[in-house]
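What follows is calculated from the coordinates using simple rules that are stated; it is not laboratory data. This one's a predicted model, so the numbers in the text were calculated from it and none came from an experiment. Cβ coordinates were reconstructed from backbone atoms using ideal geometry, including for glycine residues, and neighbour counts include every protein chain displayed.
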Amino acid sequence: MPNKNGSVYGLTILSPIIEDKSATPSHDLQIRNYLAHLSTREESPFAQAPGTHLARLVVMDDVIYVGAPACEDHLKSKYLIFESNCDGDLDSYLSGLAENIPDHLDAVWKHCVGYPGAVNRPAFINYMKACQLDTTFFFAAVNDKTVTETLRALQTQNAVADFIATHQGVDAVTLQREFIEFVAHLKAMPPPKPGSMGPHRDIKTGGRNE
C-alpha cells in the first residue's frame, strides 16, 4: 500500500513557503538559517521525536529544467520538503512530533502558508496531511524493525566487529573466556540513543582494552 513498507511509514510533505517581499531576510532564507544550525546527532530534534528512523528537510526553490524535449515548468512558490521514515501510523507520529518538539516545528513551519502551530494538535495533524504526497514506491531497509531494534542491531554489529579485530591470534581459552564476558557486557548495555550511531565505535569489547 502507499506510504508503507512493512511496519515503517514513508512520509513526504511539501509545504508552500510564504512569499513576502517585505520580509528580511526572506522566509525561505530564515528556514535555511534555522536548519543549518540543527544538530544531526543525538541533539537533533528529530532524534528526540519517537519513532523516527530518518528525517530530512530541504528548501526547494524550483524544479530543474533538463532541456528539450522536456517542457519547461516552474513552481508557483518555494516549498519546504519534509521526508521521514517512522514507526507506527501517521497520526501517532505527527502527534508525537507536536508533543516532543513543538518549538522546533513552529520555528521552521511558521514560514509556510497556512501553518496553524503545533499547540493546536488536531489542526497541526490536518495541516501536515493536507501537505502530504503519497509515497507510492517506498522502500525501507528495515521494514519490520522499530528504531530501538535497529539501533540495537547496529550496536551489536559494531561491537562484534571490534571484538573480532582486537582478538586476532588470541589462544582458544582466552578467546572463549573473553567472548563470554563480551556477550554479558553487550546484553547489559542499554540500546543506543537515536542519532548516536555514527562511524566512531565506543563499545568495550570484553577484557581486552588495548
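Here are the numbers for the structure shown:
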item	result
Efficiency of FRET from Cβ geometry, Tyr65 and Val113, R₀ 35 Å, rounded to 0.05	0.90
Within the chain, helix-based [θ] at 222 nm, where runs of 4 or more DSSP H residues each add -39,500 (n - 2.57), nearest 500	-11500 deg cm²/dmol
Spatial separation of Cα centroids for region 103-163 and region 1-48, in angstrom	11 Å
Relative contact order (percent, whole number), the chain, Cα cutoff 8 Å, 6+ residue spacing	29 percent
Proximal lysines relative to Lys78, as straight alpha-carbon distance under 27 Å, when same-chain residues fewer than 8 apart are discounted	Lys21, Lys110, Lys129
Selected from Pro190, Pro69, Pro102 as most flexible by GNM, with the chain as the system and alpha-carbon contacts under 10 Å	Pro69
Spatially proximal aspartates and glutamates relative to Lys4 (Cα-Cα < 13 Å; intrachain offsets below 8 disregarded)	Asp87, Asp89, Asp134, Asp144
At most 11 other Cβ within 10 Å, DSSP loop - chymotrypsin sites (Phe, Trp or Tyr not before Pro), region 4-78	Tyr65
